[in-house]
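Here the structure is laid out as structure tokens; the discussion comes afterwards.
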Amino acid sequence: MSPQEQQLQKLLDLKRDLENDLERLSRDADESEQELAASLSYDDRVAGLAALAQDRELDLSLEEKVRMLLDRVNAAITEINDGTYGTCKSCGKPISRERLEFLPYAERCVECKRRQEMK
């Protein structure tokens, strides 16, 4: 298996895992809401609903981060298929193999990523 095929397989595995994570997050949130509604008395529901709202906000934030990562993974898969994978989106130079091994959906080389983070 070529290095590019290995990267593609790594990305496809990561995509599957992220999609499973999204499904689990959604299912867990629904179950939590149902359990809370069934278990609390009327007087406790106000406090329970506040706690649920806070938990749901955290879940939504986590879902958003997972979706963003999934978008990056999908973009990297597309780049492999169209032959542009491993090219820095800022400077156009190749992204190091080590960086892509560690972060297969990297969009920028280390130098450009540092510059971006310093802004």
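Each residue of the stretch 90-100 in turn: what ³J(HN,Hα) in whole Hz from Karplus with 6.51, -1.76, 1.60 and θ = phi - 60°, glycine and Pro shown as x?
8, 9, x, 7, x, 7, 4, 4, 4, 5, 5
Amide H to amide H, which residues 5 or more places from Thr87 or on other chains are under 5 Å from it, using H placed in the peptide plane?
Ile95
With θ set to phi - 60°, apply the Karplus curve 6.51 cos²θ - 1.76 cosθ + 1.60 along the stretch 106-118 and write out the HN-Hα couplings as whole Hz, x wherever there is a Gly or Pro.
Computed from phi, the couplings for the stretch 106-118 are 4, 9, 9, 5, 4, 5, 5, 5, 4, 4, 4, 5, 7 Hz.
By a straight-distance test (C-alpha under 25 Å), which lysines pair with Lys93 as possible cross-link partners, with residues fewer than eight away in the same chain excluded?
Lys10, Lys113, Lys119
Rule-based calculations on the coordinates, nothing more; no lab input. Computed from a predicted structure; not experimentally measured.
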